[in-house]
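J.: The structure follows.
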Amino acid sequence: MVNMVTGLRWKHTIDRKTAACILAGLMGALAFCLIYGVYVLNPSYTSWLMTGTDLTQHYLGWKAYRLGAWQFPIGLTDRLAYPSSTSVVFTDSIPLFAVFFKILSPLLPAQFQYFGLWGIFCFFMQGYLSAKITATHTDSRPAIVLAGLLMVLSPVMIFRMYRHTALSGHWLILLALEPLFAKKKNGVLQGWSLVFRGILLGVLGAAVHVYLLLMCGILFGFYCLTDALWQTGEEISLNRIWHNALAVACIPGYAALVLWLLGAFGSGSSAQGEGLGSYSANLNALINPQGWSAFLPDRPLWVSNQYEGFGYLGLGGYLLTAGGILLFILHGILAVRNGKREIRPFLKSHAAAAASWILAFATAFVFALSPYITWDAELIREILAREKIRRLWSIFRATGRLIWIPAYLLLFAGLTGAVKGMKKRKALLPAFLLVLVCLQLADIRGALGEKKEYFDRGDFPAEALEGECWERFSEEGQIRHLYLASIMDKQDMYRLTDWALDRGLSVSRFYFARSMDEEIDENLKQALEEKSPEDVFLYTKEGQLMRFGHGLKEYEAGDYILCYGGELNGLKRLEDSSPVLQIRFGDGRWLENGEDDEDGVRILYQEGLSYGPYFEAPAGEYEIRIKGEGLDRAELLICSKESTYFYDFATEENTGTEAVLGVWLLEDEADLQVAVRNHGEEPVKLTAIDVELKTSEDPEF
């Protein structure tokens, strides 16, 4: 009878704790709605996703994947880099949701998005799992709920939501953290339950984002290592070592299987990425608010891309960490003094957890800083490595993101320390956590307010392609593929891609998380040779010189030029066009220490510089005519973007009012520019620059 009553009480206690965890998750979902509004939860509301940011890449990746036919591997689509197939992994479209909703696609409306659902799901799971970890150490339901809410207000998670959407799935990090901080005497996970956790982390990590997969592997790997080595008892359990080893092996094993099914290994995208080092974390990462604090000042960064290493805990998070760790230390000291536990057994019982914590913290922190160790705006040291190692390293080029592991380790160390430290004063724990929640809200209220103001509205007007020609062009029934033959900015690419997908067309070029430019360029070259009646080629004004020499008819299409092997009904034909790029002034762009007047004359004052616009130029011979005043006193330059390469040229004539330059390009240049700098005291004036492609034949030497 006694055992039955005890069992009922235990079941009742567990149920009440579970209810508190679910309530914490619901509080997280409510926080999402208060920050981002409810409009984004409408699956048919998609205009908020078409603002030209990375969120647009994620949405269009899903849209193209949904519209494309099923392929094997199942994560491939041929709608974004036609005729090549690319994986939904490389558009960061949350493959876990993309595959699921593609299966349901016949039942879904024509306009459908799941990014609002993903957001509220992440906030729910953040609150739920944080509360679940807390619930293993306390019976206080208010404390469980408040702990979950405090972790929901983590700046490192909110910062990522709808910036790099998949990366806001920090609940995966908590899923890997749970065994460490929910650990009891012999570990909360044992045997096959531990193996199942490894499988779950491998599958979910690969199906959400590989950076989260890496973080789960680090946290769970060190937990299993210490759990296997720091065994208590007289006999070492080989079975326990086996299960831990198998659990760790399951993460890369099942992740590789999922990534293969998603087509990540054969889609033409390079695993390596550019920018290794510039996306690292600064040594100040954990104390630099980067605009997220109402009380603490921002600190400088070495380069702007170090925003990737954002690890600010928030004022409430700092006090939780400091206070919780201090309370835990005091708890241990008092326990020893009261004779309840000797110091050695006390340390031994926490050795495995401490070792796992230290190893994960140190590994992630060093990796986040690498390969350049920086403090504020100064470079302290570079970690040298061989080229092969750097290539492998660049698979995870945004190393700064791993600062999230130290951030969460500090937060949960403080949380569990506070819970244990207030074990005898349970009534103080909810009050303590409530104060921290209020401090956290007060500290990050400015950043939350900006997000609320931006997202909590239903008016994101989409910028349509200008001109009736686009509707007429869309009526051309035989066109199936739109080749984006010019390199263009993301906003133009996204707008054209959305237009094409809405009309059942594929595009040949898109912005992927990993480059596949070489394959895309080769596809374009082959398509220009074949001139299929299903293919049409689009050039921007900056890329118009690339259109010549292919034997295609040319048509005006707003700000673009369409080239086609046949007739495009309803579009204005460009007759006898010459290969000349005309650069005119008046908008004040591409200018330093100068101004454009109302007549379109560019005036360069002393040390003034006119540069750009950058344009694509095929290999060949060019004649460049610069018109203005004082050109004989100016420095004339022909260079690539960012001035990383300067071309030699011949000055055929320079009368002061007109300069004629000749230059050979031995290979195609994606971002050529003509620059003019005035070193003198008298102003230099520019009225026009004409770049003419004389011949694309190879020069004779």
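J.: Among Ala650, Ala659, which is more than 40 Å from the chain's Cα centre (by Cα), farther than 14 Å from Leu609 by Cα and surrounded by 13 or more Cβ atoms within 10 Å (Cβ to Cβ)?
T.: Unique residue meeting the criteria: Ala659.
J.: Something else about it: Which members of segment 551-586 meet the condition of being free of Cβ contacts under 8 Å to residues at least 12 places away in the same chain and in a strand (DSSP E or B)?
T.: none
J.: Of all the residues that make up segment 282-295, how many are in contact with a helix residue (DSSP H, G or I) (Cβ under 7 Å, 6 or more places away or on another chain) and on the phi < 0 side of the Ramachandran plot? Explain how you work it out, then say what you get.
T.: Within segment 282-295, the first condition is being in contact with a helix residue (DSSP H, G or I) (Cβ under 7 Å, 6 or more places away or on another chain), and the residues that meet it are 282-283, 285-286, 290-295.
Applying the additional criterion that residues be on the phi < 0 side of the Ramachandran plot yields 282-283, 285-286, 292-295.
Final tally of qualifying residues: 8.
J.: Any idea which residue in segment 103-121 is surrounded by the fewest Cβ atoms within 10 Å (Cβ to Cβ), counting only those that are part of a helix (DSSP H, G or I) and not aromatic (Phe, Trp, Tyr)?
T.: Among them, the one singled out is Pro106.
J.: Of all residues in segment 378-398 being surrounded by 18 or more Cβ atoms within 10 Å (Cβ to Cβ) and small (Gly, Ala, Ser), which is farthest from the chain's Cα centre (by Cα)?
T.: Ser394
J.: Is there any pair with a first residue in segment 74-92 that is on the phi < 0 side of the Ramachandran plot and a second that is surrounded by fewer than 24 Cβ atoms within 10 Å (Cβ to Cβ) and among the acidic types (Asp, Glu) whose Cβ atoms are under 8 Å apart and which are 6 or more apart or on different chains, and what are they?
T.: Sorted first by the residue in segment 74-92, then by its partner, the pairs are Ala81/Glu519; Ser84/Asp78; Ser84/Glu519; Ser85/Asp78; Thr86/Asp78.
J.: Being part of a strand (DSSP E or B), surrounded by fewer than 19 Cβ atoms within 10 Å (Cβ to Cβ) and on the phi < 0 side of the Ramachandran plot is the filter here; which residues of segment 597-608 pass it?
T.: Result: Tyr605, Gln606.
J.: Still on this model: What number of residues in segment 431-460 are of a type outside the set (A, V, I, L, M), surrounded by fewer than 17 Cβ atoms within 10 Å (Cβ to Cβ) and more than 27 Å from Gln491 (Cβ to Cβ)?
T.: Residues meeting the conditions: 3.
J.: Also, I was wondering about something else. Assess whether Phe328 counts as being at pLDDT below 95, buried (at least 18 other Cβ atoms within 10 Å of the Cβ) and under 20 Å from Leu410 (Cα atoms).
T.: For Phe328, the condition - at pLDDT below 95, buried (at least 18 other Cβ atoms within 10 Å of the Cβ) and under 20 Å from Leu410 (Cα atoms) - is met.
J.: Name the one entry in Glu522, Glu463 that is loosely packed, with under 14 Cβ neighbours inside 10 Å, more than 24 Å from the chain's Cα centre (by Cα) and closer than 30 Å to Gly275 by Cβ.
T.: Glu522
Yes/no matrix, rows are residues, columns are (1) under 17 Å from Pro618 (Cβ atoms); (2) among the charged types (D, E, K, R); (3) more than 33 Å from the chain's Cα centre (by Cα):
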site	(1), (2), (3)
Ile487	yes, no, no
Ser508	no, no, no
Ala513	no, no, no
Glu534	no, yes, yes
Tyr539	yes, no, no
Lys553	no, yes, yes
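J.: Follow-up question, since we're still on this one. Could you tell me which residue of segment 399-430 is modelled with the highest pLDDT, considering only residues that are farther than 10 Å from Thr321 by Cβ, of a type in the set (A, V, I, L, M, F, W, C) and surrounded by fewer than 22 Cβ atoms within 10 Å (Cβ to Cβ)?
T.: Of segment 399-430, the ones farther than 10 Å from Thr321 by Cβ are 399-406, 408, 416, 419-430.
If we keep only those that are of a type in the set (A, V, I, L, M, F, W, C) as well, we get 402-405, 419, 422, 427-429.
Subsequent filtering for residues that are surrounded by fewer than 22 Cβ atoms within 10 Å (Cβ to Cβ) retains 427-428.
Values: Ala427: 84, Leu428: 90.
Within segment 399-430, the match that is modelled with the highest pLDDT is Leu428.
J.: To continue, here is another question. If I ask for residues that are under 14 Å from Tyr114 (Cα atoms) and acidic (Asp, Glu), which ones from segment 42-93 would you list?
T.: Listed by number, the list holds a single entry, Asp92.
J.: For Tyr45, only one of the following conditions fails: (1) outside any loop (DSSP other than H, G, I, E, B); (2) more than 14 Å from Leu261 (Cα to Cα); (3) out of contact with any Ser or Thr (no Cβ under 7 Å at 6 or more places or on another chain); (4) among the aromatic types (Phe, Trp, Tyr). What is its number?
T.: All conditions pass for Tyr45, except number (1).
J.: Quick one: what pairs do we get from segment 365-377, first residue surrounded by 18 or more Cβ atoms within 10 Å (Cβ to Cβ), second polar (S, T, N, Q), C-beta under 7 Å, 6+ apart or different chains?
T.: Here the result reads Phe367/Thr399; Ala368/Ser280; Ala368/Thr399; Leu369/Ser280; Ser370/Ser280; Ser370/Thr399; Tyr372/Ser280; Thr374/Asn282, each pair linking segment 365-377 to a residue that is polar (S, T, N, Q).
J.: Ok, one more. Among the residues of segment 576-590, which ones are under 19 Å from Val691 (Cα atoms) and either crowded, with 20+ Cβ neighbours inside 10 Å or not aromatic (Phe, Trp, Tyr) (or both)?
T.: Passing the criteria: Asp576, Ser577, Ser578, Pro579, Val580, Leu581, Gln582, Ile583, Arg584, Phe585, Gly586, Arg589.
J.: Which one is nearest to Ala354 (Cα to Cα), of the residues in segment 229-242 that are modelled with pLDDT under 85 and of a type in the set (A, V, I, L, M)?
T.: Ranking the qualifying residues of segment 229-242, first place goes to Leu229.
J.: Collect the residues in segment 466-491 that are in a helix (DSSP H, G or I), surrounded by fewer than 18 Cβ atoms within 10 Å (Cβ to Cβ) and not basic (Lys, Arg), keeping them in residue-number order.
T.: Across segment 466-491, the qualifying residues are Glu471, Ser474, Gln491.
J.: Is it the case, given these coordinates, that Pro533 is out of contact with any Leu (no Cβ under 6 Å at 6 or more places or on another chain), assigned to a loop (DSSP other than H, G, I, E, B) and under 23 Å from Ala650 (Cα atoms)? Break it down stepwise before answering.
T.: Numbers: out of contact with any Leu (no Cβ under 6 Å at 6 or more places or on another chain): yes; assigned to a loop (DSSP other than H, G, I, E, B): yes; under 23 Å from Ala650 (Cα atoms): no.
Here the answer is no, as Pro533 does not meet what is asked.
J.: Moving to a separate point now. From the list Arg589, Arg625, which residue is on the phi < 0 side of the Ramachandran plot, assigned to a strand (DSSP E or B) and of a type in the set (Lys, Arg)?
T.: Just a single option satisfies the conditions, and that option is Arg625.
J.: Of the residues Thr687, Thr695, which single one is over 18 Å from Met546 (Cα atoms), touching a residue at least 60 places away in the same chain (Cβ under 8 Å) and in contact with a strand residue (DSSP E or B) (Cβ under 8 Å, 6 or more places away or on another chain)?
T.: Working: Thr695 fails: over 18 Å from Met546 (Cα atoms).
Of the residues listed, the single one that is over 18 Å from Met546 (Cα atoms), touching a residue at least 60 places away in the same chain (Cβ under 8 Å) and in contact with a strand residue (DSSP E or B) (Cβ under 8 Å, 6 or more places away or on another chain) is Thr687.
J.: When you go through Gly608, Gly612, Gly662, Gly630 one by one, which is the residue that is touching a helix residue (DSSP H, G or I) at 6+ places or on another chain (Cβ under 9 Å) and either at pLDDT 95 or above or not assigned by TED's automatic domain parsing to the domain that holds His550 (or both)?
T.: The unique qualifying residue is Gly612.
J.: Pick out the one residue from Glu629, Glu616, Glu635 that is under 24 Å from Asp489 (Cα atoms) and of a type outside the set (S, T, N, Q).
T.: Glu616
The values are calculated or read from the model by the stated rules, or taken from the named source; none is laboratory data. Model, not experiment: these values are computed from the prediction. Don't worry about glycine lacking a Cβ; one is built from the backbone with ideal geometry, like all the others, and counts go over all protein chains shown.
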